[in-house]
Amino acid sequence: MADAIESLTSGPAHQARMAALETISRAAALLFANGQTTERTIAATERIGHALGLSVTLQPRWGELTVHVTDTPFSEVAAATPLGVNMDKVVATMTLIDRTCAGDLPADAVPAALTAVEARPAISALRFVLFAAIGAAALGVIFGALNPLSLLLIAASAAIGAALRRWLASLSGNPFVQPLCAAVVAGLVGGIAGIGATRLNLADGQRLIALCPCMILVPGPHILNGAIDLARARIAIGATRLAYAGLVVLMICAGLLLGLTAGGGSLSVDAVSAAVPLGADMLAAGCAVAAFGTFFAMPWRLLPLPIVVGMVAHAVRWALISLAGAHVAIGALAACLLVGLIMAPLADRLHLPFAGLGFSAVVSLMPGLFLFRAAGSLVALLSTGEHAPVELLQSTVINGTTAFLIVLAMAFGLILPRLLFERVLHRLAQRPAFAQQHRP
């Protein structure tokens, strides 16, 4: 037995095996850490392993990936935490894997290619700040802030928050500090704007000045990836993803309420959003999609696709709510089903992470408005105590339930087409003719 183990762990064959295993682990870590779905990360890992001469399995956990060589005692553990979404790196890594599987990229050139992908820079600070302002202002239009001064304050608040997030990222790797501080800025600006709301004619948009910069902080791809994992019975990683997203949302709510308190303002729990014309709604939705596509480092050449799909989906939602009188959750479900049906096949074809691509197209549907209003009502309810009016409790329950239903509808609408597409693709792949035609 000892001689057998020694023969496996010595010599050029073992060194080549371990080098290939390290390369496979690096590719898997790049995908996992930058927003690719767990299922596609596992499939890509197995593909590049086969191309490099190893049959491997991947076991993903929060913070690390274990790549195991089948029927051997050899494995590699790579540190990888799925905190970010970088479509540019995912596209580059998936393209590299395709080239390796097709034989266009020699095995000994893969490590250097992976190093080049790892070294790709994040989007520039100027672009990040600019599109944060555009995205927040677009969400302001969607939710009824049509006053130019309100939109200017929303954009300025979001820009300041984005610049602060970039600066904090250079100081600390804690993922919760950035959304907390950016939300404090949004609440502070919104609170100060509330003081002069009447004089500056901001009464209708004051709450959106505080809320819209916070909406761009909501970790939608993590919620979607977590829901996909749960739907596939990957309970541990799915629950962890959702727990992380929940903590980020908690930090946003805490920062928003802290900033509002410091600025002398509060959230209006009974405010009603103004009606927005279809043209303005679609245009603003397109701007919001462009902003989030930029946040997720989507290549410029691919950005028009989610913009067009997002605008059409928003038109469907607008028609259902404004013309048919449907509930906002029904509108979100219909829009997300449309996006899921379009994006499910395109995500794989374009090598883009489905969660980032799908969420960027429907980001304007996220129930940030209802969520933050529920948080404000809850704080007011706790501070008032037993003397709280019944209306305050009703507001907490209604806004919280509405936010939950919208998130559930969005997750179901996006995930169902994805799961159906993968099911059909799996069945087709079992057919010899299809498998031969699409062999990597």
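The values are calculated or read from the model by the stated rules, or taken from the named source; none is laboratory data. Keep in mind that what you see is a predicted model, and the values were worked out from it rather than measured. Reconstructed Cβ throughout: ideal geometry from the backbone, glycine too, with neighbour counts over all protein chains shown.
For A79, the conditions (1) surrounded by 17 or more Cβ atoms within 10 Å (Cβ to Cβ); (2) closer than 12 Å to A28 by Cβ are fulfilled apart from (1). The sole residue among G331, G376 that is assigned to a helix (DSSP H, G or I) and either touching a Lys or Arg at 6+ places or on another chain (Cβ under 8 Å) or outside the structural domain of L230 (by TED's automatic domain parsing) (or both) is G331.
One residue stands out among those in region 111-125 that are small (G, A, S) and part of a helix (DSSP H, G or I): the one that is surrounded by the fewest Cβ atoms within 10 Å (Cβ to Cβ), which is A112. Residues considered: D108, D88, D104. Of these, the only one that is of a type in the set (D, E, K, R), surrounded by fewer than 14 Cβ atoms within 10 Å (Cβ to Cβ) and in a helix (DSSP H, G or I) is D108. Remark: pairs (first residue in region 206-232, without any contact (Cβ under 8 Å) to a residue 24 or more places away in the chain; second residue surrounded by fewer than 24 Cβ atoms within 10 Å (Cβ to Cβ); Cβ separation under 6 Å; 6+ apart in sequence or on different chains) = G226/G238; G226/L242; L230/G238.
Restricting attention to region 217-263 and to residues that are in a loop (DSSP other than H, G, I, E, B) and modelled with pLDDT of 90 or more, the residue that is surrounded by the fewest Cβ atoms within 10 Å (Cβ to Cβ) turns out to be R234.
Checking each residue in region 148-179 for being surrounded by 22 or more Cβ atoms within 10 Å (Cβ to Cβ) and in contact (Cβ under 8 Å) with a residue 60 or more places away in the chain picks out only P179. Per the listing V110, V85, V129, the residue uniquely β-branched (V, I, T) and modelled with pLDDT under 90 is V85.
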